[in-house]
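Chemist: Take a look at this one; I'll ask things after.
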Amino acid sequence: MDTKAVVPAHVAVIMDGNGRWAFERGLPRLAGHKAGAEAVSRCLRAAINRGVKYLTLYAFSSENWSREPTEVADLTSLLRYYLRHKVAELHKEGVRIRFIGDLARFDVSLREELARAEVLTRDNTRITLLLALSYGGRGDIVQAAHRLAQAVASGDLKPDQITETLFADKLWTAGIPDPDVVVRTSGEFRLSNFLLWQSAYAELVFLDVFWPDFNEGHFATVLDTYARRERRFGARPKA
């Protein structure tokens, strides 16, 4: 098999290990997050170079709100910095940016910056970069269920009209194909509430590397691993 010819359309990444990377170096956690932001650029470049069309990054989980207020403030400040200094560059590169999650939890000014980035890049087609912010897979499923329940209650929808396709259209990822492969760094082996519905048939790849050290070689390893998997979607193996 020519593994270079088998490229997933959608790669999703749980970017884990910023804090431990910083701790091992005697640095503050913010230094780890800044180094992690640089790894995002390397990952995006690798995805573009390999022809991946969708890249979803788990940037800030719904559970992250429970961290120390200073760390939450550092993370949101870092997000603001990159919105103001990197979006124009990504736009020139043909990157479409989309944000998924419970964005209402962010303050109004940050939500406005997120919206401006989406509007500016919405017609780009080289790659779609989805940043999961204030995101939780369970919360995603619950909000979709709420929307369908409201439609039923208002008489616009009958319960027996609800299908998997209709349900998926109510998720924050509506219009985006499910991930072909979900990657987690740092040596942990769990999904941590990330794209639970969408990852039903995704291949899972776990890397023993902290996110700030992630590079194009690691991305190549992910794609090579994916190419060697046989995706059956519940069917029997081919004879």
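Each value in this text was obtained by applying a stated rule to the coordinates, not by laboratory testing. Fair warning: this is a prediction, and the values are worked out from it, not measured in the lab. Glycine also receives a Cβ, built like all others from the backbone with ideal geometry; neighbour counts cover every protein chain displayed.
Chemist: Check Ser61: other-chain or 5+ apart residues with amide H under 5 Å from its amide H, H built from backbone geometry?
Modeler: Answer set, sorted by chain and number: Ser134, Tyr135.
Chemist: Still on this structure, please answer the following. Sorted from fewest to most neighbouring beta carbons within 10 Å, what does the list Val152, Val108, Val40 look like? Each step should come with its number before you reach the end.
Modeler: Numbers: Val152 13, Val108 8, Val40 20.
The most exposed by this proxy come first: Val108, Val152, Val40.
Chemist: Follow-up. Would you tally the net charge around Arg96, using a Cβ to Cβ cut-off of less than 12 Å, leaving Arg96 out, and scoring K and R as +1, D and E as -1?
Modeler: Details: positive: Lys53, Arg98, Arg122, Arg126; negative: Glu93, Glu118, Asp123.
Charge balance in the 12 Å sphere: +1.
Chemist: So how do Asp160, Asp16, Asp178, Asp123 line up by other beta-carbon neighbours within 10 Å, fewest first?
Modeler: Details: Asp160 6, Asp16 23, Asp178 18, Asp123 9.
Fewest-to-most Cβ neighbours within 10 Å comes out as Asp160, Asp123, Asp178, Asp16.
Chemist: Please report the antiparallel percentage of DSSP beta bridges with both residues in the chain, rounded to the nearest 5. Write down the numbers at each step before the final one.
Modeler: Numbers: 0 of 26 bridges.
Here the antiparallel bridges make up roughly 0 percent for the chain.
Chemist: Here's something else I'd like to know. At a temperature of 4 °C and a viscosity of 1.567 mPa s, determine how fast segment 157-239 diffuses translationally according to Stokes-Einstein, using the Kirkwood radius over alpha-carbon pairs as Rh; express D in µm²/s, rounded to the nearest whole number.
Modeler: Numbers: Rh = 15.1 Å.
The calculation lands on 86 µm²/s.
Chemist: Turning to a different aspect of this structure: At a Förster radius of 45 Å, what calculated FRET efficiency corresponds to the Cβ-Cβ distance of Asn49 and Thr165, to the nearest 0.05? Walk me through the numbers on the way to the answer.
Modeler: Values: r = 33 Å, r/R0 = 0.73.
Here the calculated transfer efficiency is 0.85.
Chemist: Order by neighbour count: Asp140, Asp102, Asp224, Asp208, fewest other Cβ atoms within 10 Å first, most last. Numbers along the way, then the final one.
Modeler: Values: Asp140 25, Asp102 16, Asp224 13, Asp208 9.
Least to most surrounded, the residues fall as Asp208, Asp224, Asp102, Asp140.
Chemist: From the helices alone, meaning DSSP H stretches of at least four residues, give me the mean residue ellipticity at 222 nm for the chain, per-run term -39500 (n - 2.57), in deg cm²/dmol to the nearest 500. Show your work: numbers first, answer last.
Modeler: Values: 7 runs with 101 residues, N = 239.
Result for the chain: -13500 deg cm²/dmol, rounded to the nearest 500.
Chemist: Ok, one more. Counting Lys and Arg as +1 and Asp and Glu as -1, what is the net charge of the other residues whose Cβ lies under 11 Å from the Cβ of Ile14?
Modeler: Residues near Ile14 contribute 0 overall.
Chemist: So what is Rg over Rh here for segment 49-173, counting just Cα atoms and using Kirkwood for Rh?
Modeler: Details: Rg = 16.7 Å, Rh = 16.2 Å.
Rounded to two decimals, Rg/Rh equals 1.03.
Chemist: Another one. Past the 17 angstrom mark, what percentage of all C-alpha to C-alpha distances in segment 22-69 do you count? Mind showing how you got there, number by number?
Modeler: Numbers: 579 of 1128 pairs.
Considering segment 22-69, 51 percent of its Cα-Cα pairs are separated by more than 17 Å.
Chemist: Suppose R0 equals 25 Å; then what is the FRET efficiency for Leu204 and Asp156 from their Cβ-Cβ distance, rounded to the nearest 0.05?
Modeler: 0.10
Chemist: Another question, if that's okay. If you project the alpha carbons of segment 32-122 onto the principal axes, what extent comes out on each, in Å, largest first?
Modeler: 38, 27, 21
Chemist: What FRET efficiency comes out for Arg111 versus Val6 if R0 is 41 angstrom and r is the Cβ-Cβ distance? Round to the nearest 0.05.
Modeler: Working: r = 39 Å, r/R0 = 0.94.
Efficiency at R0 = 41 Å is approximately 0.60.
Chemist: Report, to one decimal in Å, the Kirkwood hydrodynamic radius for the chain based on all distinct Cα pairs.
Modeler: Roughly 18.9 Å, rounded to one decimal.
Chemist: Separation between the Glu89 and Ile141 pseudo-spin-labels, each 7 Å from Cα along Cα→Cβ, expressed in nm?
Modeler: 3.8
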